[in-house]
1. In the stretch 231-274, whose amide N lies under 19 Å from the spot 7 Å out along Cα-to-Cβ of Thr304? List them in ranges.
2. Please work out the average accessible area per residue across the stretch 245-401, using the 1.4 Å probe convention, and give it in Å².
3. Going by a ≥ b ≥ c, the root eigenvalues of the Cα gyration tensor, does the stretch 137-263 fall in the rounded group (a/c under 1.5), the prolate group (a/b larger than b/c) or the oblate group?
4. Compute the semi-axes of the equivalent ellipsoid of the stretch 138-195, taking the square root of 5 times each eigenvalue of the Cα gyration tensor, and list them largest first in whole Å.
5. Compare Thr204, Thr418, Thr187 in a GNM of the chain, Cα atoms joined below 10 Å, and give the one with the largest fluctuation.
6. For the stretch 242-303 and the stretch 376-416, compute the distance between their C-alpha centroids and round to whole Å.
7. For the chain, with a Gaussian network of springs between Cα atoms less than 10 Å apart, report the residue from Gly314, Gly417, Gly298 with the top mean-square fluctuation.
8. Given points 7 Å out from each Cα along the Cα-Cβ axis, report the Thr190 to Gln406 separation in nanometres with one decimal.
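The values are calculated or read from the model by the stated rules, or taken from the named source; none is laboratory data. Predicted, not measured: the structure shown is a model, and the values here were computed from it. Every residue, glycine as well, gets a Cβ built from its backbone with ideal geometry; the counts of neighbours run over all protein chains shown. With ligands, DNA and RNA removed, areas are computed over all heavy atoms of the protein, side chains included. Shrake-Rupley method; radii C 1.70, N 1.55, O 1.52, S 1.80 Å.
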Amino acid sequence: MRTPRTTRRVAALATGTALTALLTAAPAGAGTPTLPVVTATGETAALHDDEAGGNSDADDPAIWRNPADPGRSLVVATAKEGGLRVYDLDARLVQSLPAPKPPAEDDAPGRYNNVDLVTGLRTTTGRADVAVVSDRGNDRLRVYRIDPARPGGPLTDITDPAAAPVFSADQAEINDQRTAYGLATWTDRTTGRAYALVSQRERTRLALLELVPAAHGRVGYRTVRTLDLPSAFRLLDGTTWRPCAEPGELPQVEGMVVDPATGTLYAGQEDIGIWRLPADLTGRPVLVDKVKEYGVPGTYDEKTEECVPGTDPGYGGERLSADVEGLTLLQERDGDGYLLASSQGDDTFALYDREVSEDNEYEGGFRIAAATPALDGVQECDGAAILNAPLGRRYPRGLLVVQDGQETPAVPDGDGGTRTATGFKFVDLGDVVDAADL
């Protein structure tokens, strides 16, 4: 989840780029219909973003399928300064790995933001399944080998120690934290090469990084190219709109996913909408859908550190409420399937046709509600992951894992308030397919 700020929901000024003047938006139509509801079947123990909880904050999950025993598959999830968590299909903790310590006392600590998987990555010691993580605190990628039989835990850090910062020139720039943020992996089926697509915090930049083998089975990366998404937009009334941000910030991307069949990247620009573009970052990006707040003017108030919204001109979308987050794919064997996006602002999930030929048509959505007083619903969901394959007797139709931004019940903090609590919900994918009539 992006760092909380009061400027997230409305529009105001930030520096733009000339590219966006080419883009237009259509007026919004009718409101969103009532959505079907599903419930979770399990949840992880709450993570607490305070000193006692190790500054752990649930963010983004990935699902690794154990080919030898699908019922013993794993969920790998980021916990920001809390590092990585590995869970079994009963949502029980299997392994906890810390984020790196800061290089010096006044430097930023390691902070794991997003995670994705690569199956059969080539290394100097053979093929391996790996988890790739964006370390926002150090502006680097971290790579973990997955071995379910390994004593002490299935994940081992195999990052090349010579790995350089992704976006920063030095430690001073790293400490400014305009660093590696969102992440998605992609294996080019033509060449067999594996990549990570990485976004930059508080900027519109995306970077394509090739994962490369290093000595002793370690993995490094090299930058292939970068691309800047728009930060300003020409509306139908002839005006130029820029989304709200604190001074100096641009509308960032976090949620990303690559369709492996077509090499298509879907990128969620939080205050704008969902972009579609080639995963090799060539070609012109296409805006698949917009957030409802698209086009709403605003003015940043330095005293309150809030954006004061103006009148909605009606150019926004109908289904996504900023922030747009948690992009993932429901892949079907016949090549069909769906793109799922978390509409964080209204606690819903939107589904789009996976086929580009259908222009990623909207296919419906759903909510995740409370199953019991103890097993609550999902609010402000950030990351999400789907695996549409049998996972033993517990999830024979596959699994959806989502971040829950408001875990309950609330725990007192000792000062009259409550501790910030987040976690991950496990949802039977069959329930989603049935409820959304997919």
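1. 243-247
2. That works out to 37 Å² per residue.
3. Details: a/c = 2.45, a/b = 1.71, b/c = 1.43.
Cα axes put the stretch 137-263 in the prolate bin.
4. 26, 18, 10
5. Thr418
6. About 25 Å separates the Cα centre of the stretch 242-303 from the one of the stretch 376-416.
7. Of the options given, Gly417 has the highest mean-square fluctuation.
8. A separation of 4.7 nm, rounded to one decimal place.
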